[in-house]
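Before any comments, here is the structure.
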Amino acid sequence: MPLQFELCPGRPVGGDHPCFIIAEIGQNHQGDLEIAKKMIRMVKDCGADCAKFQKSELSYKFNKKALERAYNSPHSWGKTYGDHKIHLEFSHDQYRELQKYAQEVGIFFTASGMDEMAVEFLDELNVPFFKVASGDTNNFPYIKKTAEKGRPMVISSGMQTLDNMRRVYEIVKPINPNFCFLQCTSAYPLLPEDVNLRVIQEYQSQFPDIPVGYSGHESGIAITVAAVALGAKVVERHVTLDKTWKGNDHEASLEPGELAELVKSIRIVERALGSPIKHFLPCEAPCYNKLGKSVVAKVKIPAGTVLNLSMLTIKVAEPHGFPPEEIFDLEGKTVKRDIEEDESVTEEAIENYNTRTKC
């Protein structure tokens, strides 16, 4: 199976395709549909590929006692955790409205299905792919049922071990080959020393037939850009309109200016990654023409002389002569005309010399 698949219609990921950038709005919309729409427009304007939310069917995600638990945090939207989550949870009709708005704006729209019933709804909504949040990655019945839907999957790996990720791979791969893993650490905000970007390379080694990406909760954009340089083909970052708003995720989110800069920086890095083939580039010609060095006669060399290295040196010279890398090849060659001291040694002055092709 090739190391790429179509995550959204007309948008492959993996291989040499551009990194797919997911803007995680999550529940940073404060439970306000108009703010959610404003954020969809914002992430589109910043150049992200996808606006993503989080969808829960609360009675399936939490048991009663969890919903009844007192929630006194300054980030709370209610007296109990259930009240808090109800405030932030959009209805099915509101999700349909948001999806329609995203289509009008021209950006892909999906959500993390935070429980099996939420996945059922998102499947009915016909989202292009399922995002599996870290908290469900070791929920193997959920993973299997989600894979069986047949939609592409993006699977985060926060709070998991490599053994768990192997098990996820073994569950999903035979059912649905179109999935990728994201390196992730579930801390908000995430300290650099806990990021462990090298896991990206380990995933690439362990799972060579799927794309690998990065889901970040750190401050700033530098680490996510580095993830792309290491080969991340999908990246996800939380976004907000204001980091000071009430809510646990805002502090670890990117404001619009940061998101725009992240997208710009990722696209620059992708261009800079270029080709693994090292060769002389046309853009280097001006520097070479000005400062490229040549083999030069250290002393006057009469016609008929057999060259040795003591007669030669290397300098920036006019005109260009033999390049420095060919100086050893000149040893033992015969000069067919006089070469003055400090003169460039050129091909026409050497008998029967075939230059190597310059790489």
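The values are calculated or read from the model by the stated rules, or taken from the named source; none is laboratory data. These figures come from a predicted structure and were not determined experimentally. Cβ coordinates were reconstructed from backbone atoms using ideal geometry, including for glycine residues, and neighbour counts include every protein chain displayed. Remember, those area values only see protein heavy atoms, side chains included, never the ligands or the DNA or RNA. Shrake-Rupley method; radii C 1.70, N 1.55, O 1.52, S 1.80 Å.
Quick check, is ASP329 in contact (Cβ under 8 Å) with a residue 40 or more places away in the chain and of a type outside the set (S, T, N, Q)? Break it down stepwise before answering.
Values: in contact (Cβ under 8 Å) with a residue 40 or more places away in the chain: no; of a type outside the set (S, T, N, Q): yes.
Against the criterion (in contact (Cβ under 8 Å) with a residue 40 or more places away in the chain and of a type outside the set (S, T, N, Q)), ASP329 does not qualify.
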Any hit, the range 276-288, residues being outside any loop (DSSP other than H, G, I, E, B), modelled with pLDDT of 95 or more and in contact with a His (Cβ under 9 Å, 6 or more places away or on another chain): no
Extreme residue, farthest from the chain's Cα centre (by Cα), among residues of the range 199-252 that are closer than 16 Å to SER112 by Cβ and among the acidic types (Asp, Glu): ASP249
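Quick check on my filter: what residues within the range 246-257 are open to solvent by 50 Å² or more (accessible area, probe 1.4 Å), at pLDDT 95 or above and part of a helix (DSSP H, G or I)?
Residues of the range 246-257 open to solvent by 50 Å² or more (accessible area, probe 1.4 Å): 246, 248, 251, 255, 257.
Cutting the leftovers down to at pLDDT 95 or above gives us 255, 257.
GLY257, the sole residue that qualifies.
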Conditions (1) of a type in the set (D, E, K, R); (2) touching a Ser or Thr at 6+ places or on another chain (Cβ under 9 Å); (3) surrounded by fewer than 13 Cβ atoms within 10 Å (Cβ to Cβ): number failed by LYS278: (2)
Enumeration of residues in the range 151-171 that are in contact with a helix residue (DSSP H, G or I) (Cβ under 9 Å, 6 or more places away or on another chain) and either under 23 Å from PHE108 (Cα atoms) or among the β-branched types (Val, Ile, Thr) (or both): ARG151, MET153, ILE155, SER156, SER157, VAL168, ILE171
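How about the range 106-135: which of its residues are assigned to a loop (DSSP other than H, G, I, E, B) and aromatic (Phe, Trp, Tyr)?
Of everything in the range 106-135, just one residue is assigned to a loop (DSSP other than H, G, I, E, B) and aromatic (Phe, Trp, Tyr), namely PHE129.
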ASN138 vs. criteria crowded, with 19+ Cβ neighbours inside 10 Å, assigned to a loop (DSSP other than H, G, I, E, B) and of a type in the set (S, T, N, Q): no
Test: residue in the range 71-83 that is under 24 Å from GLU124 (Cα atoms), over 25 Å from the mean Cα position of the chain (by Cα) and not acidic (Asp, Glu): no
Pairs where the first residue, in the range 30-57, is among the acidic types (Asp, Glu) and the second is open to solvent by 30 Å² or more (accessible area, probe 1.4 Å), C-beta under 7 Å, 6+ apart: ASP49/ARG11; ASP49/PHE108; GLU57/MET117
Of all residues making up the range 309-343, the number that are farther than 11 Å from ALA297 by Cα, not β-branched (Val, Ile, Thr) and not in a loop (DSSP other than H, G, I, E, B): 6
Meets criteria (open to solvent by 80 Å² or more (accessible area, probe 1.4 Å), of a type in the set (A, V, I, L, M, F, W, C) and farther than 30 Å from ARG41 by Cα) for ILE314: no
Those residues of the range 1-46 which are small (Gly, Ala, Ser) and over 22 Å from the mean Cα position of the chain (by Cα), in sequence order: GLY31, ALA36
Of the criteria (1) touching a residue at least 12 places away in the same chain (Cβ under 8 Å); (2) surrounded by 11 or more Cβ atoms within 10 Å (Cβ to Cβ), which one GLU284 fails: (1)
Lone qualifier among SER294, SER310, SER275 - being under 29 Å from the mean Cα position of the chain (by Cα) and polar (S, T, N, Q): SER275
